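The values are calculated or read from the model by the stated rules, or taken from the named source; none is laboratory data. Everything numeric here is computed off the predicted structure, so don't read it as measured data. A quick note on method: Cβ atoms are made from the backbone with ideal geometry, for glycine too, and the neighbour counts reach across all protein chains shown. With ligands, DNA and RNA removed, areas are computed over all heavy atoms of the protein, side chains included. Shrake-Rupley method; radii C 1.70, N 1.55, O 1.52, S 1.80 Å.
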Amino acid sequence: MQRENQTSISEFLLLGFSSWPEQQELLFALFLCLYLAGLFGNIFILLAISSDHRLHTPMYFFLATLSVVDLCLPSSTVPKMLLDIQTQTQSISYPGCLVQMYFCMMFANMDNFLLTVMAYDRYVAICHPLRYSTIMTQHLCISLVGGPWVIAFLNPLLHTLMMTRLHFCSNNVIHHFFCDINALLPLSCSDTSLNQFLVLAVVGLIFVVPSVCILASYSLIISAVMKIPSVKGKFKVFSTCGSHLALVILFYGAITGVYMSSSSNSSTEKDTAASIIFMVIVPVVNPFIYSLRNNELKGALKKILGQSKIFSQ
């Protein structure tokens, strides 16, 4: 009887950056530039890897997959955010909100898994260089990517289906620029204890286990590097991990910021800033970090850009 008296809502309002009315044009230009930079950067990475047979190795296979994910992750939020800023409308339908939440979680999970897989790849390359080709077989590489895709597909599906059992009443204001599960749950007038438990248990497990694996991989890498007698040799070996390590620090730093700040209503701006880092900034930074620090990739990119100049003439 109580549920019949409740009013169901058909849409949510994404407040996003509406609290900064004077900076709307600047925000639009900033996020558009970031989105396009990440879009073209990751596309060039994919073109460079696919066109150069020397880059058809496990490391670049994982990097190409990461570029695909980094194309999709910001695409699940930024276009809608740009439309809201440009049109000054913040509404998103209830089904649209669940769809956005699903894809955000899926690609964020996949980003996390790929960073873990790439850490394992670097561990094998540095700690077992002579056995690298026999360990990192094509079958293993496909499994290391295919397995995470299955988990990344099923995990957000579980949370999305659990969201459909909830009832939303009059409060439909989301203090965020996208439909984040942590922002949606407090709006429900149903019992969300099971949903919150799943977020803490499943999402926590999905991020804690990979982070432990990454720490274990780098502990073994550091141990192996310290056994190298020359400082130059140590730097040369460890420099192969520099790009990946930078992304790991940036990604997990932002994720920690999201889940540490989401417990407090007064930390909405910090939560938004942390989300922007791992959903917008990291996908933009990824291709530039790898291309600037990798001579093989830089060479392939120069060929791609050289060919594009020839065709433009």
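Brief remarks follow.
- GLN24-GLN196 FRET efficiency (beta carbon distance; Förster radius 35 Å; 0.05 resolution): 0.55
- The residue list PHE251, LEU46, ILE174 was ranked by how far each Cα lies along the charge dipole of the chain toward its positive end, using unit charges on Cβ atoms, and LEU46 comes out on top.
- Rounded to whole Hz, the Karplus (6.51, -1.76, 1.60) HN-Hα couplings of region 10-21, x for glycine and proline: 9, 8, 10, 10, 8, 5, x, 10, 5, 6, 10, x
- Selected from CYS141, CYS104, CYS179 as most flexible by GNM, with the chain as the system and alpha-carbon contacts under 10 Å: CYS141
- Here the Karplus curve 6.51 cos²θ - 1.76 cosθ + 1.60, taken at θ = phi - 60°, turns the phi angles of region 273-282 into couplings of 4, 5, 5, 4, 4, 8, 9, 10, 5, 4 Hz, with x standing for Gly and Pro.
- Rounded to the nearest 10 degrees, the angle from helix 138-164 to the longest Cα principal axis of the chain is 10 degrees.
- Here r is the Cβ-Cβ distance between ILE222 and CYS189 and R0 is 45 Å; the resulting FRET efficiency, rounded to 0.05, is 0.35.
- Pairs of Cα atoms farther than 26 Å apart, the chain, %: 51
- Placing +1 on the Cβ of every Lys and Arg and -1 on the Cβ of every Asp and Glu, with nothing else charged, gives the chain a dipole about its Cα centre of roughly 1500 debye.
- At a probe radius of 1.4 angstrom, the accessible area of the chain per residue rounds to 51 square angstrom.
- Value of [θ]222 nm, deg cm²/dmol, for the chain, DSSP H segments ≥ 4, -39500 (n - 2.57) each, nearest 500: -23500 deg cm²/dmol
- 3J(HN,Hα) along region 91-107, derived from phi through the Karplus expression 6.51 cos²θ - 1.76 cosθ + 1.60 where θ = phi - 60°, amounts to 7, 9, 5, 4, x, x, 5, 5, 5, 5, 4, 4, 5, 4, 5, 4, 6 Hz, with x in place of Gly and Pro.
- Put simply, the amide H of ILE9, placed in the peptide plane, has neighbours under 5 Å in PHE168, leaving out anything fewer than 5 places away on its chain.
- Expressed as a whole percent, the accessible area of region 11-305 that falls on carbon and sulfur atoms is 70 (1.4 Å probe).
- Region 1-100: trypsin sites (Lys or Arg not before Pro) falling in loop per DSSP and having at most 12 other Cβ within 10 Å: ARG3
- Left without a cysteine partner by the 4.7 Å Cβ rule in the chain: CYS33, CYS72, CYS104, CYS127, CYS141, CYS213, CYS241.
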